[in-house]
Amino acid sequence: MAGASGKDKLLTGIFWLAGIFIVLILAGIIGYVLFRGASSLSLDFILQPPSRAGRLGGISTTIVGTVYLTLLALLAAVPVGVGSAIYLEEYAHSRSRFAKLVNLTAETLAGIPSIVFGLFGFVFFVIFLGMGWSVLSGGLTMAIMILPTITRTAQEAILAVAGEYRENSLALGASRWQTVRRVILPSALPGIVTGIILSIGRAVGETAAIILTAGSSLGMPVSPMDPARTMSVHLYIMAMEGISTERAFGTACLIVVLIVIINYLANLSLSRLTKAMR
Amino acid sequence: MQPISKNLHRRGESWIEKGLAFCAALFVIVIAIITIFIFARGLPILLKVGVADFLFNTDWRPTSNSFGIGTMLVGSLVVTTASLLWAVPLGIMTAIFMAEVAPPRASRWLGALVELLAGIPSVVYGFVGLVLIVPFIRNYLGGNGLSVLAGAIILGIMILPTIINISRDAIRAVPKEYKEGSLALGATHYQSIRRVILPAARSGIITAVVLGMGRAIGETMAVVMVTGNSPIIPAGVLSPVRTMTSNIVLEMGYAAGDHQAALFATGVVLFVFIVILNLVVNMSLKAGAANGRR
Amino acid sequence: MDNVVSTKQEIKMKSVDLQVFYQDFQALHGIDMDIKANHVTALIGPSGCGKSTFLRTLNRLNELIEGTTIKGQVYLDDQAIYSKEMDVVGLRKRVGMVFQKPSVFPMSVYENVAYGPRIHGIKNRGQLDEIVEKSLRAANLWEEMGGRLHTPAARMSGGQQQRLVIARVLAVDPEVILMDEPASALDPISTSKLEELIAELKRAYTIVIVTHNMQQAARVSDYTGFFLNGQLIEFNRTKELFVNPANQQTEDYITGRFG
């Protein structure tokens with residue numbers, strides 16, 4: 001049987017190689033962007049507005065655009081997403097047709113490519129509702145895109161904590177809403193926050209849908225009706241039009257740093273949920 | 001029979017339930033509006049040109065009223081297939097590694113890294129492809145680098161997390177007894193994986209591949225940045241190629257009239273394709289042993 | 001609540017031809033039972049016999065399981081609890097419940113006990129303090145936890161948690177307390193503390209307890225009902241039922257021949 005064990009060792013080695021290869025891909029991408037981009041990062045780069053279409057100056061307006069658009073998206077999506085998660089887990093019968101339909105739509109929504117959301121946002125918000133290329137159009141389009149993530153993570157968090165708490169609270173004569181508000185939501189909060197953090201990551205990185213709905217103006221967005229360029233859109237345009245490789249690297253570097261931080265925070269918040277459940 | 005009372009409200013709380021139900025209903029409303037608006041803009045021209053002509057005609061000259069997305073359809077399929085060719089085997093192997101081979105700590109770490117891989121925006125992948133992979137191909141393999149190959153490499157990386165996560169969960173969901181039964185019969189660990197665990201996890205792994213494919217077909221920014229975007233059917237892996245999604249994002253900026261409608265029609269094609277893909281996955285999941293709640 | 005002697009034999013709750021269905025499965029077949037005020041009624045029987053299902057019909061908690069239907073009636077002080085007019089939230093305030101696994105809320109000891117009074121509208125801090133102390137005392141927990149009211153309840157031992165859950169139930173001032181195998185997750189010492197507590201509580205409350213442990217039923221209860229396959233086989237004074245069972249199946253069960 002020495003042959004079999006030799007073969008087993010070989011297979012173990014191959015599987016380890018697969019795992020290591022994944023780590024190398026990730027390390028390669030992140031390492032390369034950080035290595036090439038770190039030198040462009042400076043306080044000026046972050047605080048100065050771009051000039052001459054991004055050849056000079058920093059990226060401050062695109063940072064503001066990103067934050068602005070993300071906040072608007074969260075403002076619209078979080079209440080709706082968490083609200084429907086509460087409804088699906090605490091009020092609806094899980095076998096009811098309506099609950100099944102909503103779950104199915106949420107899954108479908110999660111699978112639709114961002115370019116299709118972009119087309120929709122363009123024809124609906126920009127043209128039909130007359131919002132033009134604006135932070136609002138982009139934010140609302142983004143809100144629809146992150147809705148499934150927020151709802152699903154909230155549903156999972158509620159499902160994970162609710163069972164016994166729900167029975168105990170209802171048995172004390174609490175109403176559904178009292179049970180939700182006082183016991184279930186506080187204990188599910190870390191899971192809900194995880195979903196929100198992951199959505200921020202998605203909003204920061206989204207490009208295709210934003211170009212078609214928020215435009216690509218380099219001006220500083222003040223009103224929600226102003227057009228705006230996000231960091232990701234900026235990176236795309238700089239790279240595609242060969243405007244400034246150095247500044248493109250700086251922008252990419254900043255995005256990657258943000259994404260790494262966001263992922264770390266999401267993990268932290270998730271581990272807090274599991275700890276609370278113990 | 002006594003019907004079950006669901007009345008667990010205090011005074012004034014029934015409107016809360018209505019509000020929450022409305023939030024949930026918004027999902028249905030939103031998807032209905034999306035469908036209506038995309039179709040309203042795209043379907044007329046699709047019907048005017050004819051579905052078959054629109055899909056398979058390779059003549060895309062929107063300025064002279066010739067709308068055939070055949071070239072881009074082939075482009076999407078070629079890039080997607082090429083990316084699946086390497087990402088599926090690697091993804092499934094990594095999933096097996098995480099579920100069956102790696103020590104728990106290593107598996108957890110790798111899981112966190114795969115999440116990070118999933119979190120990196122497509123525009124960053126596209127950028128890295130443009131500055132790293134495209135020059136590499138140009139210098140060592142030939143052509144100008146912007147190619148099917150570059151697209152397949154970048155897309156493959158992007159769909160790895162989908163394939164890994166779903167396959168891993170499917171493998172982990174296989175009842176322990178199967179593996180123990182196999183080991184008890186004197187099979188080695190790897191014989192058990194190949195003959196018992198993988199067959200048992202088959203439907204989950206197929207789901208992973210299908211969803212990975214959906215993601216690859218719909219991906220836009222990364223592809224547009226590395227594939228060169230020439231509207232021609234690629235002659236080989238080093239040729240440039242234009243996908244349906246690239247076509248939309250490249251031309252929406254200046255398209256008007258029927259041209260714009262044709263881009264929406266491309267959106268309709270993508271939308272229908274993805275929705276069908278999702279429904280099929282959903283149904284096959286439900287058909288294959290209703291484990292879990294959903 | 002000490003002048004209850006005169007009402008000793010009063011019937012607090014009563015089920016009449018009670019039937020419960022989960023989808024197509026009939027879990028209870030026509031149960032008739034009188035539950036006497038200020039007594040402990042124990043429900044025994046093998047797993048799946050319907051004793052917990054019966055317990056959960058008494059505060060309408062089994063409605064949380066989707067697809068449940070109920071025929072027949074349960075009365076609380078002559079008031080039909082399965083009727084359109086019944087306020088389920090109010091019912092559960094009057095009929096409290098302690099579960100198998102102590103499940104404290106992720107809050108402090110104080111907040112756990114104050115949870116019930118708060119949801120029933122008590123906001124006054126002094127009043128809440130008073131209720132918390134009284135409930136903890138009644139649950140024999142004040143000595144141990146009185147000085148640590150603001151520590152997270154999750155840090156307490158299993159036995160303490162179960163008594164905290166009882167204190168939480170007492171804080172809403174119920175009339176009936178339902179207990180679903182309250183000692184099954186506890187060690188012997190905590191169990192005997194719990195049994196002492198039950199003996200004290202019956203002076204002021206009506207108690208219905210589901211238990212797997214026949215010795216426990218014999219020790220703590222005044223009346224015992226034996227369930228089998230969704231039917232109430234025998235219901236009698238505990239002493240009578242254990243010493244002199246009328247039914248062969250009851251005898252088989254309590255002598256350990258099955259179950």
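Observations on the model:
- Scanning the stretch C:149-156 turns up at least one residue that is within 13 Å of chain A (Cβ to nearest Cβ) and at pLDDT 90 or above.
- Restricted to the stretch A:265-278, and to residues there that are modelled with pLDDT of 85 or more and more than 9 Å from chain B (Cβ to nearest Cβ), the residue that is farthest from A:A160 (Cα to Cα) is A:L265.
- Taken together, C:P117, C:P174 contain a single residue that is touching a Phe, Trp or Tyr at 6+ places or on another chain (Cβ under 9 Å) and at negative phi, which is C:P174.
- Any pair with Cβ under 8 angstrom, 6 or more apart, that starts in the stretch A:162-176 at a residue that is at the interface with chain C (Cβ under 7 Å from one of its Cβ atoms) and open to solvent by 40 Å² or more (accessible area, probe 1.4 Å) and ends at one that is assigned to a loop (DSSP other than H, G, I, E, B) and among the polar types (S, T, N, Q): A:E164/C:S103; A:E167/C:S103
- Complete set of residues in the stretch C:102-132 that are away from every other protein chain (no Cβ under 11 Å), open to solvent by less than 60 Å² (accessible area, probe 1.4 Å) and free of Cβ contacts under 8 Å to residues at least 40 places away in the same chain: C:I122, C:G126, C:L128, C:V132
- Members of the stretch B:176-201 found to be in contact (Cβ under 8 Å) with a residue 24 or more places away in the chain and away from every other protein chain (no Cβ under 14 Å), listed by number: B:A200, B:A201
- Only residues that are of a type outside the set (A, V, I, L, M) and not in a helix (DSSP H, G or I) were counted across the stretch B:133-170, and they come to 5.
- Members of the stretch C:163-195 found to be open to solvent by 50 Å² or more (accessible area, probe 1.4 Å) and either touching a strand residue (DSSP E or B) at 6+ places or on another chain (Cβ under 6 Å) or hydrophobic (A, V, I, L, M, F, W, C) (or both), listed by number: C:A185, C:I189
- Condition broken by B:L113, with the remaining ones in (1) under 29 Å from B:G267 (Cα atoms); (2) more than 19 Å from the chain's Cα centre (by Cα); (3) facing chain A (nearest Cβ under 7 Å) satisfied: (1)
- Criterion: closer than 21 Å to C:Q79 by Cβ, β-branched (V, I, T) and open to solvent by 20 Å² or more (accessible area, probe 1.4 Å) - qualifying residue of C:I35, C:I11: C:I11
- Restricted to the stretch B:262-286, and to residues there that are open to solvent by less than 30 Å² (accessible area, probe 1.4 Å) and not hydrophobic (A, V, I, L, M, F, W, C), the residue that is farthest from the other protein chains (Cβ to nearest Cβ) is B:T266.
- Residue match in the stretch C:90-101 (condition: more than 13 Å from chain A (Cβ to nearest Cβ), over 23 Å from A:A162 (Cα atoms) and touching a residue at least 60 places away in the same chain (Cβ under 8 Å)): no
- A search for C-beta distances below 6 Å between a residue of the stretch A:74-98 that is more than 7 Å from chain B (Cβ to nearest Cβ) and any residue that is of a type in the set (S, T, Y), counting only pairs 6+ apart in sequence or on different chains, returns A:G81/A:T151; A:A85/A:T151.
- Filter pass, B:S107 being assigned to a helix (DSSP H, G or I), surrounded by 14 or more Cβ atoms within 10 Å (Cβ to Cβ) and out of contact with any Leu (no Cβ under 7 Å at 6 or more places or on another chain): yes
- So A:R272, is it open to solvent by 10 Å² or more (accessible area, probe 1.4 Å) and within 30 Å of B:L263 (Cβ to Cβ): no
- Residues of the stretch C:196-219 satisfying the condition of being under 20 Å from C:K51 (Cα atoms) and either open to solvent by 10 Å² or more (accessible area, probe 1.4 Å) or polar (S, T, N, Q) (or both): C:T206, C:T211, C:H212, C:N213, C:M214, C:Q215, C:Q216, C:A218, C:R219
- Residues within the stretch B:179-195 that are over 13 Å from B:I96 (Cα atoms), outside any loop (DSSP other than H, G, I, E, B) and open to solvent by less than 60 Å² (accessible area, probe 1.4 Å), tallied: 3
- Total residues in the stretch A:219-237, condition within 10 Å of A:G54 (Cα to Cα) and either without any contact (Cβ under 8 Å) to a residue 12 or more places away in the chain or over 23 Å from the mean Cα position of the chain (by Cα) (or both): 0
- A:I115 fulfils the conditions (1) in contact with a Leu (Cβ under 8 Å, 6 or more places away or on another chain); (2) more than 24 Å from A:D226 (Cβ to Cβ); (3) facing chain B (nearest Cβ under 7 Å) except for a single criterion, (2).
- Across the stretch C:57-89, the qualifying residues are those that are under 26 Å from A:V183 (Cβ atoms) and part of a strand (DSSP E or B), and the one among them that is farthest from the other protein chains (Cβ to nearest Cβ) is C:L76.
- Extreme residue, farthest from B:S239 (Cα to Cα), among residues of the stretch B:78-90 that are open to solvent by less than 40 Å² (accessible area, probe 1.4 Å) and more than 9 Å from chain A (Cβ to nearest Cβ): B:V88
- Considering residues of the stretch B:48-69 that are within 9 Å of B:A265 (Cβ to Cβ) and part of a helix (DSSP H, G or I) only, the residue most open to solvent (accessible area, probe 1.4 Å): B:V49
- Within the stretch A:177-209, considering residues that are in a helix (DSSP H, G or I) and of a type in the set (D, E, K, R), the one most open to solvent (accessible area, probe 1.4 Å): A:R181
- A:M240 satisfies every condition listed in (1) more than 26 Å from A:G81 (Cα to Cα); (2) open to solvent by 20 Å² or more (accessible area, probe 1.4 Å); (3) of a type in the set (A, V, I, L, M, F, W, C); (4) more than 7 Å from every other protein chain (Cβ to nearest Cβ) except (4).
- Residue within the stretch A:128-149 that is free of Cβ contacts under 8 Å to residues at least 40 places away in the same chain and either outside any helix (DSSP H, G or I) or crowded, with 22+ Cβ neighbours inside 10 Å (or both) present: yes
The values are calculated or read from the model by the stated rules, or taken from the named source; none is laboratory data. Computed from a predicted structure; not experimentally measured. Cβ: placed from backbone, ideal geometry, glycine included. Neighbour counts: every protein chain shown. In case anyone asks, the SASA skips ligands and DNA or RNA and just uses the protein heavy atoms, side chains included. Shrake-Rupley method; radii C 1.70, N 1.55, O 1.52, S 1.80 Å.
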